[in-house]
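Encoded as structure tokens, the structure appears first; notes follow it.
Just so it is clear, none of the values below were taken in a lab; they were calculated from the coordinates. As the structure is a computational prediction, the values presented were derived from the model and not from experiment. Quick reminder, even Gly has a Cβ in these numbers, built from the backbone with ideal geometry, and neighbours come from all protein chains shown.
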Amino acid sequence: ESEAEEHDVVVIGGGPGGYVAAIKAAQEGLKTACVEKRGALGGTCLNVGCIPSKSLLNNSHIYHQILHDVKNRGIDVGDVKLNLTQMMKAKEQSVSGLTKGIEFLFKRNGVDYVKGTGTIAGEHEIRVSPLDGGEPQTLRAKNIIIATGSEATPFTGLEIDEKRIITSTGAIALTEVPEKMVVIGGGIIGLEMGSVWSRLGSEVTVVEYLGAIGGPGMDAEMAKTMQRILQKQGMKFKLNTKVMGGDVESDNIKINVESAKDGKSEAIDADVVLVAIGRRPYTAGLGLENVGIEVDERGRIVIDQEYRTKIPHIRVIGDVTFGAMLAHKAEEEGIAAVEYIKKGYGHVNYGAIPSVMYTHPEAAWVGQTEQEVKATGKAYNIGSFPFSANSRAKTNLDNTEGMVKFITDKETDRILGIHIIGPNAGEMIAEGVLAMEYGASSEDIGRTSHAHPTLSEAFKEAAMAAFSKPIHA
Ligand code: FAD
Ligand code: NAD
């Protein structure tokens, strides 16, 4: 075994939480290593999550648009054919470009990239089993940051093979378009990946246990609107429906479901079943037990407000601990955890973390939902503005069914939440996040000039609607 190397910080996991923490630590002058077992940096997000799914969402949208939407724009096209192999290659190109980019950033910032599985062997000791099968190596660290992320929650009774019974990892890599796809779980993964395969020609049925789609955190009115839009696009929904199990036969899969309301059962046929019922923290092989670090009943590593476990120099960030499982949330925590190490203080504003669902149109939100505000008992105003009254959305003939909705404090006009369904909602929400970071009122936004003709005028007019009246509706 080689001699133990001493680092100020060793980060375990090279996803958005881990790689950002490692770069930040190196920038702060700390001697830093990042241990990653995947063989590539970027974690779930870059390799099998955010990036490949968005590549497929973008390109399947273009395909769908050419098939169904360009004729009335004055564009006649000939034979349109799907080349799935090429679509997957385009996806792989985006992924490999970005993961290599992080490797380059590690070099530029002087982060030691250690390829292997890291196990916490002692309070200051990480044993690494190298990816290439060589001798185990020991790293010594003054501080350890755990950023080992999450994995798909399995569905008991349906064994994942990533070919016919798949998680999102299989859903970004299918080699042919299934005729019938059943999606278990109408959360973000179900709707994004369901959209991709629906656009490419699958008959997609989403089975959701709750009475609304969108997963936790989506405003109820937005969830209803989104469901209506996706239904028009051809997706089918079975809400309030429990999946009881499935029969996997050689040429067909039967998914047995039961209505949560009246107990009526039926079977839905599928060629491919996507299990998208949430993700769970990943700590296998991490060696938490060697140092007595605890996880809660959902497997999340328990930490305090400074991201410390009960061993204060071992900190935890990202999907493997509390909070929204989002890449940008993990990144913010990566920065804050390093600042705690270096300076003794750090900060993440959990009240202003945006969520984006990359369907078409996109859904995006920040702050509280209307149902959450209602539950607090606080008096509030709603200001909303439809894209059907926005000049740019009309000019672009681009999905005018969505809207911008502001929820403000009735007394102070301070913004409590913003919810958008519309083209480019994911970019537009950044303005709302900034407004909330600065404690803006809806009047601040309503009196700010927005360029004409842009979609963001709908944002301004929704703000105007919250404190006064919009002009164009
Ligand atoms: P991860 O990205 O999971 O990274 C953890 C890394 O640690 C992994 O690479 C793993 O190999 C490594 N690791 C684990 N254990 C060890 C060990 N013992 N030793 C060494 N290495 C180890 N979020 C968004 O914000 N926007 C999106 O559009 C989005 N789309 C998504 C789409 C899909 C299909 C999925 C599945 C997720 C998506 N997410 C999205 C969620 C996002 O991917 C996660 O929130 C994010 O990756 C969490 O980052 P992390 O650093 O905490 O963990
Ligand atoms: P999710 O929590 O968003 O949704 C899971 C859905 O499955 C919920 O609506 C839940 O009610 C339902 N469900 C649970 N058990 C069920 C059952 N037995 N039968 C039927 N329905 C059931 O989880 P997800 O969609 O799997 O996504 C996992 C995580 O990845 C999320 O935290 C999400 O934030 C993240 N992610 C984010 C993005 C993005 O930001 N665009 C994209 C993909 C994934």
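If I filter the stretch 448-458 down to residues being out of contact with any Pro (no Cβ under 8 Å at 6 or more places or on another chain) and touching a residue at least 60 places away in the same chain (Cβ under 8 Å), which single residue comes out as surrounded by the most Cβ atoms within 10 Å (Cβ to Cβ)?
Filtering first and then ranking leaves GLU457.
Scanning the stretch 290-303 for residues that are surrounded by 11 or more Cβ atoms within 10 Å (Cβ to Cβ) and out of contact with any Leu (no Cβ under 8 Å at 6 or more places or on another chain) turns up ASN290, VAL291, ILE293, ASP296, GLY299, ARG300, VAL302, ILE303.
From the list ILE301, ILE382, the lone residue that is among the β-branched types (Val, Ile, Thr) and in contact with a helix residue (DSSP H, G or I) (Cβ under 6 Å, 6 or more places away or on another chain) is ILE301.
The rows are residues; the columns are (1) over 17 Å from TYR19 (Cα atoms); (2) of a type outside the set (A, V, I, L, M, F, W, C); (3) in contact with a Cys (Cβ under 8 Å, 6 or more places away or on another chain).
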residue	(1), (2), (3)
ASP79	yes, yes, no
ASN109	no, yes, no
LYS115	no, yes, no
SER129	yes, yes, no
GLY157	yes, yes, no
ILE166	yes, no, no
ALA171	yes, no, no
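Residue count for the stretch 48-68 satisfying the condition of being more than 13 Å from ligand 2 (Cβ to nearest atom) and in contact (Cβ under 8 Å) with a residue 60 or more places away in the chain: 4. Exactly one residue out of THR148, THR119, THR156 is under 30 Å from the mean Cα position of the chain (by Cα) and crowded, with 20+ Cβ neighbours inside 10 Å: that is THR148. Candidates in the stretch 362-416 are the residues that are touching a residue at least 40 places away in the same chain (Cβ under 8 Å), surrounded by fewer than 18 Cβ atoms within 10 Å (Cβ to Cβ) and among the hydrophobic types (A, V, I, L, M, F, W, C); of these, the one that is farthest from TYR438 (Cα to Cα) is LEU397. You will find that of ASP271, ASP262, ASP296, the residue that is more than 16 Å from ligand 2 (Cβ to nearest atom), within 30 Å of LEU191 (Cα to Cα) and in contact with an Asp or Glu (Cβ under 6 Å, 6 or more places away or on another chain) is ASP271 and no other. Quick check on VAL77: is it without any contact (Cβ under 8 Å) to a residue 12 or more places away in the chain and β-branched (Val, Ile, Thr)? Criteria met by VAL77.
The set of residues in the stretch 329-362 that are more than 16 Å from ligand 2 (Cβ to nearest atom), out of contact with any strand residue (DSSP E or B) (no Cβ under 6 Å at 6 or more places or on another chain) and among the β-branched types (Val, Ile, Thr) comprises ILE335, VAL338, VAL348. Considering each residue of the stretch 5-28 in turn, at least one proves to be within 16 Å of ligand 2 (Cβ to nearest atom) and assigned to a helix (DSSP H, G or I). Scanning the stretch 255-275 for residues that are touching a Gly at 6+ places or on another chain (Cβ under 6 Å) and buried (at least 16 other Cβ atoms within 10 Å of the Cβ) turns up just one, ILE255.
Annotation note: of ILE471, ILE429, the sole residue that is crowded, with 21+ Cβ neighbours inside 10 Å and either of a type outside the set (Ser, Thr, Tyr) or in contact with an Asp or Glu (Cβ under 6 Å, 6 or more places away or on another chain) (or both) is ILE429. Select from the stretch 39-56 the residues that are touching a helix residue (DSSP H, G or I) at 6+ places or on another chain (Cβ under 7 Å) and either surrounded by fewer than 19 Cβ atoms within 10 Å (Cβ to Cβ) or in a helix (DSSP H, G or I) (or both) and list them in ascending order. Those that are touching a helix residue (DSSP H, G or I) at 6+ places or on another chain (Cβ under 7 Å) and either surrounded by fewer than 19 Cβ atoms within 10 Å (Cβ to Cβ) or in a helix (DSSP H, G or I) (or both): ALA40, GLY43, CYS45, LEU46, ASN47, VAL48, CYS50, ILE51, PRO52, SER53, SER55, LEU56.
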